[in-house]
Amino acid sequence: MLSLKIPWVAFTLLLLTYITLGWLLETFDDPVAAWIIIVIGIFLLSVLLASPWSQIRNDLGLLFKSDTRAFFVAVIGAFLTVLIISWFHIFAHGLVAVSAATLFRLDAQTVGWSETQIFWMLTAVSIAGLALGAFAQNWIYWQL
């Protein structure tokens, strides 16, 4: 059962962040691909934030077991750095979403929510925010 203690500030920030992201996605020329990427990203972020930190540390440690793996991680990291710098206006929205989700996870963990509760609430609020933002953008667009 979900605890009655709800981290309202983090909840509101998370919802507003994803409403803004949903609004932004609806302004794209071809939003279907962007929507698919964002929804998959929401699930991955929720899984990453809801899983125990020791498990994540162990999994990330596997990437550096050999020199070949470490080399490929460095090359991919350099490539991602160039993408981030090139598309910083898009990366900034993603960074704000990750920050809001992390804050929500920390606050929910502080009030005693389980990992499963955090995962489902984080996923549901994020997707609901995306849908609300898209709906608001479409509604205002068609009203004008």
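Since every read-out is calculated from the coordinates, none of them should be taken as a lab result. Remember, predicted model here, so these are calculated numbers, not experimental data. Quick reminder, even Gly has a Cβ in these numbers, built from the backbone with ideal geometry, and neighbours come from all protein chains shown.
Counting other beta carbons within 10 Å of each Cβ, put ASP67, ASP107 in order, fewest first.
By the 10 Å Cβ count, ascending, the order reads ASP67, ASP107.
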Nearest-0.05 FRET efficiency for ASN58 and ALA131, computed from C-beta distance (R0 25 Å): 0.10
Dipole magnitude (debye, nearest 20) for the chain, charges at Cβ of Lys, Arg, Asp, Glu: 380 debye
As computed over segment 8-138, the Cα convex hull volume per residue (Å³): 111 Å³
Computed over the chain: relative contact order in percent, which uses C-alpha pairs under 8 Å that are six or more apart: 58 percent
Gain on full stretching of the segment that runs from VAL98 to PHE79 - 0.36 nm per residue minus C-alpha separation: 4.8 nm
Fewest-first ranking of LEU63, LEU122, LEU132, using other Cβ atoms within 10 Å as the exposure measure: LEU63, LEU132, LEU122
FRET efficiency, ILE140 to HIS89 (Cβ-Cβ, R0 22 Å, nearest 0.05): 0.50
J(HN,Hα) series, segment 66-71, from Karplus relation 6.51 cos²θ - 1.76 cosθ + 1.60, nearest Hz, glycine and proline x: 10, 5, 5, 4, 5, 4
DSSP-loop trypsin sites (Lys or Arg not before Pro) across segment 17-94, with at most 14 other Cβ within 10 angstrom: LYS65
Which of SER46, SER126, SER86, SER114 has the fewest Cβ neighbours within 10 Å, and the rest in rising order: SER86, SER114, SER46, SER126
